[in-house]
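Beneath this line is the structure, given in structure tokens, with notes to follow.
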Amino acid sequence: MTGPFDSITLERNRQDRLVEKGVLPFTLADDACSLHYAMTVLCEELGEVAQEVQKYPLNPDALREELVQVAACCVALIERVDRYKREGKGFAL
């Protein structure tokens with residue numbers, strides 16, 4: 001099993017590949033994604049964590065996968081904040 005940070009990086013890279021393949025229109029790091037939409041996606045991902053927590057018996061692999069997805073979404077938003085701080089852009093509402 002990969003460590004948590006490696007897993008998050010792999011998931012974040014997977015998100016970018018989905019955009020490159022045309023499966024997704026953008027990631028949460030992209031200027032084309034409104035912050036309102038980004039919060040909707042983040043809350044939806046967090047809801048999937050909550051669903052996993054409520055299952056019995058707990059499936060730690062499924063819970064971990066959902067947590068990694070939440071973390072990767074947060075990383076994408078941090079990338080956007082950092083770009084905004086550097087370049088003054090990246091926050092469409």
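The values are calculated or read from the model by the stated rules, or taken from the named source; none is laboratory data. Quick caveat, the model's predicted, so the values are computed rather than measured. Cβ atoms come from the backbone with ideal geometry, glycine included; neighbour counts cover every protein chain shown. Just the protein is used for accessible areas: all its heavy atoms, side chains included, with ligands, DNA and RNA removed. Shrake-Rupley method; radii C 1.70, N 1.55, O 1.52, S 1.80 Å.
Given charges of +1 on the Cβ of Lys and Arg and -1 on the Cβ of Asp and Glu, with all other atoms neutral, how large is the dipole of the chain about its Cα centre, in debye to the nearest 20?
260
Give the carbon-plus-sulfur fraction of the accessible surface of the chain in %, rounded to a whole number; probe 1.4 Å, heavy atoms of protein chains only.
Here carbon and sulfur together make up 61 percent of the probe-accessible area.
Specify the angular offset, from 0 to 90 degrees and rounded to the nearest 10, of the alpha carbon long axis of helix 35-54 from the longest principal axis of the alpha carbons in the chain.
Taking Cα atoms only, the helix is inclined about 10 degrees.
Could you work out how far helix 60-87 tilts from the main Cα principal axis of the chain, as a 0 to 90 degree angle to the nearest 10?
10
Going toward the positive end of the dipole of the chain, with +1 on Lys and Arg Cβ and -1 on Asp and Glu Cβ, which of Thr2, Val41, Ala76 do you reach last?
Checked the options; the winner is Ala76.
Using amide H atoms built in the peptide plane, which far-off residues or other-chain residues are under 5 Å from Leu28 H to H?
Amide H neighbours of Leu28, under 5 Å, 5+ apart: none.
If you work out P(r) over Cα pairs in 5 Å bins from 0, in percent from the coordinates, which of (1) 3, 14, 21, 22, 20, 12, 6, 2, 1, 0; (2) 3, 12, 21, 19, 15, 11, 8, 6, 4, 1, 0; (3) 2, 12, 19, 19, 18, 14, 11, 4, 1, 0 do you get?
Looking at P(r) over Cα pairs in 5 Å bins from 0, in percent for this model, the match is (1).
Given springs between every Cα pair under 10 Å in a Gaussian network model of the chain, which of Asp31, Asp61, Asp82 has the largest fluctuation?
In the Gaussian network model the winner is Asp61.
Solvent-accessible area per residue for the chain at a 1.4 Å probe radius, Å²?
67
If the elastic network links every pair of Cα atoms under 10 Å, which of Gln69, Gln54, Gln15 fluctuates the most in the Gaussian network model of the chain?
Gln54
In degrees between 0 and 90, to the nearest 10, how far off the longest principal axis of the chain does helix 4-20 point, with axes built from Cα atoms?
Once rounded, the angle reads 60 degrees.
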